[in-house]
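Down below is the structure, laid out as structure tokens.
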Amino acid sequence: MSQPVKLHVFAAHWGHAGKPAQQFIDEVKAAGFDGIEMSLPADEAEWAHWLERIRDAGLLLITQQWETVFHSDFAQHKTALENLLRRACAAQPLMVNSHTGKDWYSVAQNQELIALTTAISQQTGVRIVHEIHRSRFSGHPALMAPYLAHNPDLPLNADLSHWCCACESLLQDQQAMLEGIFPLVKHIHARVGHAQGPQVSDFRAPEFAAELQAHLSWWDQILQARVAAGETCLTITPEFGPVPYTATLPYSQQEVSNAWELNVAMMHLLRARYATHGWC
């Protein structure tokens, strides 16, 4: 008898850095999320405080490292990547989501960083996934190709909104690449992008029906591939982001939509959609 498949939906901490830990955790619990995806604070006492509060609340945790974006020098970048990943793994999360490398590093340099993440993952027993993201080694399908050739089991976090923006399309001409990466995806960032940017203003609006349907189709295929591979824990994080990802009106700078509201709405859409598969 096969095991039941669990769909865990995570709340993105991005955009909530100013809130006290307990306030954010209470909001996450009240909204109905299963866990939190976040970059933990650099301060050791705050780091421990967040972990204690998350565990006391019975929430799951995915940690992130994105801070290497501040290090352009390759040697500094590599040192920062190792330190940040080891610290993220020390929290014993479900997985670590990594913004790895840069699109202008050589293939050999990015390969060195990928090899480092693989070694840390093996040493710690924590899965590390590489986020598909603009300006990283994965920022465009053509950039990604050599790394897939070198690393046929490359674990990915699919944020395909970035490829929509980079390719200026809904990836209609990238089907072969999409089918190639779907079996490698271990986590999803559920943000809806479009041909001119990584985030539509409101995925529920009828003018974005085509964009929403394209992303849902990709997520369907990814999750079904994971279930077919025998995985019973599926993870997805609605990740509509704050300003400037959320557009603002000129002069007043008033936000045209609320990222938290969109993420909660996306969580409900995903739960309803995948409940039809028996994933709960």
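Per-residue SASA remark: residue 260, around 60 Å² accessible (1.4 Å probe; ligands, DNA and RNA not included). Here the dipole of the chain is about 460 debye; that uses its Cα centre as origin and unit charges on the Cβ of Lys and Arg (positive) and Asp and Glu (negative). Scanning residues 5 or more positions from residue 185 or on other chains, those with amide H under 5 Å from its amide H are 156, with H placed 1.01 Å from N in the peptide plane.
Which longest uninterrupted range of the chain lacks any GluC sites (Glu not before Pro) assigned by DSSP to a loop state (not H, G, I, E or B) and surrounded by at most 16 other Cβ atoms within 10 Å? So the longest stretch without any such site is 1-167.
Applying 1/(1 + (r/R0)^6) with r as the Cβ-Cβ distance of residue 204 and residue 52 and R0 = 51 angstrom yields a FRET efficiency of 0.90. Quick one: what are the phi-derived ³J(HN,Hα) couplings along the stretch 116-132, Karplus 6.51/-1.76/1.60 with θ = phi - 60°, whole Hz, x for glycine and proline? Listing the rounded values in order: 4, 5, 4, 5, 5, 4, 5, 5, 9, x, 9, 5, 10, 10, 9, 7, 5 Hz. A Cβ-based charge dipole, computed about the Cα centre of the stretch 138-202 with Lys and Arg at +1 and Asp and Glu at -1, lands at about 140 debye. Any chance you could check the Cα centroid distance between the stretch 1-23 and the stretch 117-183 for me, in angstrom? Using only Cα atoms, the two centres lie 22 Å from each other.
When the C-alpha to C-alpha distance is required to be over 21 Å, the pairs from 6/29; 6/186; 19/102 that qualify are 19/102. Using Cβ point charges alone (K and R +1, D and E -1), the dipole size of the stretch 75-164 about the Cα centre works out to roughly 180 debye.
Per-residue ellipticity at 222 nm computed for the chain from its helices equals -13500 deg cm²/dmol, with DSSP H segments shorter than 4 residues left out and the rest contributing -39,500 (n - 2.57). For residue 64, the amide hydrogen comes within under 5 Å of the amide hydrogens of 38, 39, 40, 97, counting only partners 5 or more places away or on other chains and with H modelled in the peptide plane. By a straight-distance test (C-alpha under 20 Å), which aspartates and glutamates pair with residue 78 as possible cross-link partners, with residues fewer than eight away in the same chain excluded? Within reach: 67, 103, 112, 131. A 1.4 Å probe, protein heavy atoms only, puts the accessible area of residue 144 near 0 Å².
Apply the a/c threshold of 1.5 to the C-alpha gyration tensor of the stretch 167-214 and tell me whether it is rounded, prolate or oblate. Prolate is the answer for the stretch 167-214, as a/c is 1.5 or above and a/b outweighs b/c. Exposure check, 1.4 Å probe, all protein chains in place: residue 43 carries approximately 80 Å² of accessible surface.
Averaging Cα coordinates gives a centre for the stretch 29-47 and one for the stretch 221-250; these two points are 17 Å apart.
Would the chain count as rounded, prolate or oblate if I go by the C-alpha gyration tensor, calling it rounded below 1.5 in a/c and otherwise prolate when a/b exceeds b/c, oblate otherwise? In terms of gyration-tensor shape, rounded.
The values are calculated or read from the model by the stated rules, or taken from the named source; none is laboratory data. None of the values given here were measured: they were computed from a predicted structure. Note that each Cβ is placed from the backbone with ideal geometry, even for glycine, and that neighbours are counted across all protein chains shown. Accessible surface is based on the protein model in full, side chains and every heavy atom, while ligands, DNA and RNA are left aside. Shrake-Rupley method; radii C 1.70, N 1.55, O 1.52, S 1.80 Å.
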